[in-house]
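Notes follow the structure.
The values are calculated or read from the model by the stated rules, or taken from the named source; none is laboratory data. Not measured: the values here are computed from a predicted model. Here the Cβ positions follow ideal geometry from the backbone for every residue, glycine too, while neighbour counts run over all protein chains shown.
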Amino acid sequence: MSQPASGLLPALVGYYQRLENDPSEGVADYGFSMEKLHFAIVLEPDGTPFSFDDIRARNEKGKPIPRPLLVPDGGGRSGTGLKPFFCWDNTGYALGRDNKGKPERAEAMFNEFRELHKSFLTELDTDAGFVALCRFLDRWKPEQAESFPNWDEAAGLNVVFKLRAREGYVHQSEAVRAAWLRASSKQEPSESRVLGVSLVSGEEEELARLHPQIRGVAGANTTGAAIVSFNLDAFESYGKSQSFNAPVGTRDAFRYTTALNRLLADDVRRVRIGDATVVFWSDRAEGQDAESLLREIFGDGPKNEDAEHTATVERVRVFLDAARKGQLHDMLKDPDAPFYVLGLSPNASRLNVRYWLVGTVRQFAERLAEHVIRLEMTGARPEDPPLVIRRLLLETAREPKDIPPQLAGEVARAVLGGFPYPQALFNAVVHRVRADSQMNHRRASILKAHLIRNRNEEVPVALNKDHPDEAYQLGRLFAALEKTQEDASESKLNRTVKDHFFGSAAATPAIIFPRLMQLHQHHLNKLENQGFRIAREKVVGEIVGRIGRFPSHLSLENQGLFYIGYYHQRQDFFTKRTDSGKETNDE
């Protein structure tokens, strides 16, 4: 069993090496990156533009989708300096025109783009495509861009170059690729080249001054953001500038950013939880099955066929059951493969690491199984998926957009890391019950899981008439009083005692319950069915006999226990017991 890497960057480098060892992944080599391209400028051998082609794909609704292409990696851009990319770029650099309303700056960008390519011409004067590109740049006037028929749509987007009647793009020829790799690895002048011990490899090597940009984090800058960056003197120390304060070798900087960009572009290994974009992976191919299972647990699930939804739910159930029974070897190639979970949230041009969790597939699976066990509660429907993060968070606010982003991250960290649940989750559910007087299966499950994990309370899955806590018995009593009112009414009630007194009865029982007991006598007198009357008197009497006196107030945790007792008693009222002893719920 290999030990998981403890650090974030080494773990991402390990994932890059996994991709590199799999030819089907087509991972970018050092010096190249996968970028989104929109248009291709097709050139004649003499550099004359032949056409301006839209190379984007279209989705089922006809919306254009950028084409991902492996291109020379230009690294990140920062500040207001000019930095052109090689053989591709946005139209501001490649054509001298964009949609930003600053033509003078765009022309300056184009001049830098032209000079970069002319510096390679001596080395590539035998490559027809590159020669055509340089001829084009020599003759091109930026104002000509507006004559392209689809210019309004293309302005500001990324373009690439192609020689007419030749396969592939200019940057894809072997000669151009080789020249770019030589330029990328060529030693810089000694005064600007910095050597040092890399924090990733532990060896002395050339250090990266700037790290490549990370793309795909929801809410972050669309042009990319950084995990490692220093842009103010206050962040620097010992005379080191920029990323030399966190020394990482140039190759490892490329590897970890390439791996992370791959994860963020992968629907199987990425989900959104609150404001955090969460990615999870194993640096070994044997952990691949667990990646797809985690996506099914935390994702939205199938949105089309009921049969597919049922199959997904069943697969997740089997996986969690195998984790609980110690039988993961029956489902996974290697349950002891290292596994990592990274939560990222946006912060202007940088990224916050919301949480970083390290373990093995087995450890994460067992934590998830324990979480699901704590959530077990009577009243669940067989077709419902396990109650994991996304469904729990929906119970903390009126609408999904109102869920506190920080809470989502804290819950995810608690579940995946095996930590106590955040107190804010429990508080939010109690406040929601007070606000709308609704107590459902999910809310009861959350309250139960919190009391078990955080307070070591013994909370049953279903009704326990002998539960020793008065708060639980008070919840039962409230449910019994409500049921008597429902039975006494000849028609459906618009408002019940729960609508009037639910929250206040849980918070201050001594004030509310004496009044409820008086109302109870009134409702009993209205019951025409003698059998119903005897049954209700018996249930209420049995519960009251377990309560010494009504306490003046209940703590927030005891209010949670009150609501669970209420929920259990309601479920028991509406559960039919068959001759075989099985139960069915009619509520």
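The figures follow:
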read-out: Candidate set from region 371-403 (those that are of a type in the set (D, E, K, R) and either buried (at least 21 other Cβ atoms within 10 Å of the Cβ) or modelled with pLDDT of 90 or more (or both)); member that is nearest to VAL433 (Cα to Cα); value: GLU395
read-out: Some residue of region 31-52 being among the β-branched types (Val, Ile, Thr) and more than 25 Å from ALA175 (Cβ to Cβ); value: no
read-out: Subset of region 259-295 (residues that are out of contact with any helix residue (DSSP H, G or I) (no Cβ under 7 Å at 6 or more places or on another chain), modelled with pLDDT under 85 and over 13 Å from LYS333 (Cβ atoms)); value: LEU294, ARG295
read-out: Tabulated pairs, region 239-257, first within 13 Å of VAL194 (Cβ to Cβ), second among the acidic types (Asp, Glu), C-beta under 8 angstrom, 6+ apart or interchain; value: GLN242/GLU236; ASN245/GLU236; GLY249/GLU203; GLY249/GLU205; GLY249/GLU206; THR250/GLU205; THR250/GLU206
read-out: Long-range neighbours under 8 Å by Cβ, at least six apart or interchain, first residue under 14 Å from LEU70 (Cβ atoms) and in contact (Cβ under 8 Å) with a residue 40 or more places away in the chain within region 8-31, second assigned to a loop (DSSP other than H, G, I, E, B) and among the aliphatic types (A, V, I, L, M); value: LEU19/VAL27
read-out: Qualifying strands (runs of 3 or more DSSP E) (wholly inside region 13-74; at least 1 residues being under 26 Å from the mean Cα position of the chain (by Cα)); value: 32-37, 67-72
read-out: So GLY216, is it of a type outside the set (A, V, I, L, M, F, W, C), surrounded by 14 or more Cβ atoms within 10 Å (Cβ to Cβ) and part of a strand (DSSP E or B); value: no
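Results for (1) assigned by TED's automatic domain parsing to the domain that holds PHE136; (2) farther than 30 Å from ALA285 by Cβ; (3) surrounded by 15 or more Cβ atoms within 10 Å (Cβ to Cβ), shown as yes or no for each residue.
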{"residue": "PHE39", "(1), (2), (3)": "yes, yes, yes"}
{"residue": "VAL71", "(1), (2), (3)": "yes, no, yes"}
{"residue": "GLY81", "(1), (2), (3)": "yes, yes, no"}
{"residue": "ALA106", "(1), (2), (3)": "yes, yes, yes"}
